[in-house]
Amino acid sequence: MEHMNEIIIVDDHLLFRESLKLLIEKEGFGRVVAEAQNGLELLDLLNIYTPDLVIMDIDMPFMNGLEATKIALGKNPNLKILLLTMMSEYVTFADIETSGAMGHVMKSSGKKELEFAIKSSIAH
């Protein structure tokens, strides 16, 4: 049986998390093993799960995705993180690159772009 990539989704909007989970699982991009609504919750989940990929929003309360990425990678340098963004004025591509994430996907992207980003991040 083929390994199904295990994914954690981190976003502060429940409807977006649920929709992304449905898309990922329906299209066979992976299996969502856990969800979090901010970076702090992700760090707790990483004590329980070892996902193949974390898909995380940048703009979240309590701990944003850039900060959570740096801390998570400090604990597990092999962790693969794909950031989601609307690219607000205070986040730059340089911020994303220096965070250590594998890459980013615009929230306005379609499922083909998401699939490519997931497969590229996991294969890297």
### Query
So what is the accessible area of the chain per residue, in Å², with the probe set to 1.4 Å?
57
#### Entry: Rounded percent of accessible protein surface that carbon and sulfur make up, the range 1-44, 1.4 Å probe
54
#### Entry: Residues in the range 26-60 reached by a label modelled at Glu18 [backbone nitrogen below 19 Å; 7 Å Cα→Cβ]
26-27, 32-38, 57
### Task
Distance check, please: which entries in Lys21/Lys80; Lys75/Lys119; Lys26/Lys107; Lys75/Lys112; Lys80/Lys119; Lys21/Lys112 exceed 20 angstrom between their Cα atoms?
Lys75/Lys119; Lys75/Lys112
#### Entry: Residue-averaged [θ]222 nm for the chain, counting only DSSP H segments that reach four residues, each worth -39500 (n - 2.57)
-12000 deg cm²/dmol
### Query
PRE reach from Lys75 (point 7 Å along Cα→Cβ): which of the range 24-38 fall under 16 Å by backbone N?
34-38
### Query
Taking N as the number of residues in the chain, what is its Cα Rg relative to 2.2 N^0.38 Å?
0.95
### Query
Which value in nm describes the separation of the simple spin-label points at Asn47 and Ile122, placed 7 Å from the Cα toward the beta carbon?
2.8
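The values are calculated or read from the model by the stated rules, or taken from the named source; none is laboratory data. Here the structure is a predicted model, which is why all the values come from computation and not from measurement. Every residue, glycine among them, receives a Cβ derived from its backbone with ideal geometry; neighbour counts consider all protein chains shown. Ligands, DNA and RNA are excluded from the accessible area calculation, which covers all protein heavy atoms including side chains. Shrake-Rupley method; radii C 1.70, N 1.55, O 1.52, S 1.80 Å.
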